[in-house]
Amino acid sequence: MEKQQPESRSDRIEAQQQYLLHSPYEIETVLRDLARRAELISVYFDEGKGYILTTLLSVLRERRLLVLEPGADPVMNQTLLQAERVNCIARHQDISVRFSSGPVSQARYQGQSVLVVPIPDSLFRLQRREYYRVNTPLALPLICQLQQADASLIRLPVADISAGGLALHDPTMGFEAEIGTLFKDSRLLIPDEVPLALDLRLCSVYMLGEEQHPPQLKLGFAYEKPAPETAGYLRRYVTRLQLKQSKGDKLTPAS
């Protein structure tokens with residue numbers, strides 16, 4: 001067996017870059033959802049020696065500011081005001097979110113004393129579970145086209161998708177393949193987008209419960225060494241889909 005090489009620092013940096021959001025719309029959508037859910041945010045300063053727990057009260061888009069609730073310790077709040085830069089860590093939909101900002105200022109918002117920091121230019125949204133899946137929209141269904149061993153094609157609807165794989169529904173229950181089978185030159189058909197070429201490896205096959213659905217199979221696949229541009233597109237598409245679903249919006253085609 002070939003010995004696995006340890007991951008280099010440059011590889012780690014490159015991998016982390018894949019999870020950085022730079023779009024103001026996507027960054028603000030995540031931050032607004034953190035505020036709506038009143039998620040706890042840890043704000044670190046002074047090289048990590050000090051921190052407060054807070055919540056995000058509002059995102060002031062026009063003024064490019066975040067409004068934070070002061071921490072419980074007044075002394076720590078005063079120390080925080082002297083920091084030129086702060087690092088913020090929270091969880092959004094069970095996914096780690098990090099961003100840096102500064103400086104910190106004190107202000108009044110809706111009659112109360114608050115802390116304000118500029119909206120960050122980038123946001124690190126680390127999806128630790130590579131196979132964290134989101135359901136695909138019914139209004140804009142995705143289709144996956146598989147090429148079978150006899151060169152025939154089968155088209156199945158996508159049930160859910162992640163940055164690491166996808167699941168398909170087979171209402172005909174006619175799909176037959178062994179776990180581990182590699183389906184080369186598959187196509188993921190996203191409405192109004194160029195079809196994505198993928199190699200898919202079958203990881204699981206099971207029957208959905210008959211109580212809520214007619215009998216059908218659910219097939220789980222992992223992407224097999226996707227091209228970097230394809231992997232990047234899939235991550236952006238899944239992130240956009242998660243953000244749209246968290247807001248209750250209808251999905252629009254990814255760009």
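Based on the alpha-carbon gyration tensor of the stretch 134-247 and its eigenvalue square roots a ≥ b ≥ c, which shape applies: rounded if a/c is under 1.5, prolate if not and a/b is larger than b/c, or oblate?
Details: a/c = 1.75, a/b = 1.13, b/c = 1.55.
Oblate shape, in that a/c is at least 1.5 and b/c is the bigger or equal ratio.
Between GLN216 and MET76, what length comes free when the chain is fully extended (0.36 nm per residue of separation minus the Cα-Cα distance, one decimal in nm)?
Numbers: separation 140, 0.36 × 140 = 50.40 nm, distance 5.76 nm.
Difference between extended and current length: 44.6 nm.
Taking the convex hull of the Cα atoms, report for the stretch 9-126 its projected area averaged over all directions, in nm². Numbers along the way, then the final one.
Working: hull surface 30.7 nm².
Across all orientations, the stretch 9-126 yields a mean hull projection of 7.7 nm².
To one decimal place, what orientation-averaged projected area in nm² is obtained for the convex hull of the Cα set of the stretch 55-181?
With the hull built on Cα positions only, its mean projection is 12.6 nm².
Quick one: net charge around ALA197, please, counting Lys, Arg +1 and Asp, Glu -1 for every other residue with C-beta under 14 Å from its C-beta.
Numbers: positive: LYS184, ARG187, LYS225; negative: ASP185, GLU193, ASP199, GLU224, GLU229.
Cβ neighbours under 14 Å give a net charge of -2.
Would you work out which of ILE143, LEU208, GLY180 lies farthest towards the positive end of the dipole of the stretch 134-247, given +1 charges on the beta-carbon of Lys and Arg and -1 on that of Asp and Glu, about the Cα centre?
Of the listed residues, the answer is ILE143.
If I model a spin label as a point 7 Å beyond the Cα along the Cα-Cβ vector, how far apart are those points for CYS203 and ALA139 in nm?
With each label placed 7 Å out from Cα toward Cβ, I get 2.9 nm.
What does the charge count near VAL59 come to, summing +1 for each Lys or Arg and -1 for each Asp or Glu among other residues with Cβ under 9 Å from its Cβ?
Net charge in that neighbourhood comes out at +1.
Specify, per residue and in Å³, the volume enclosed by the convex hull of the alpha carbon atoms belonging to the stretch 174-240. Show your work: numbers first, answer last.
On the way: hull volume 8.6 nm³, N = 67.
Normalising the Cα hull of the stretch 174-240 by residue number yields 129 Å³.
Read-outs throughout are calculated quantities, based only on the coordinates presented, and are distinct from any laboratory measurement. Fair warning: this is a prediction, and the values are worked out from it, not measured in the lab. Because the Cβ atoms are built from the backbone with ideal geometry, glycine has one as well, and the counts that use them run over all protein chains shown.
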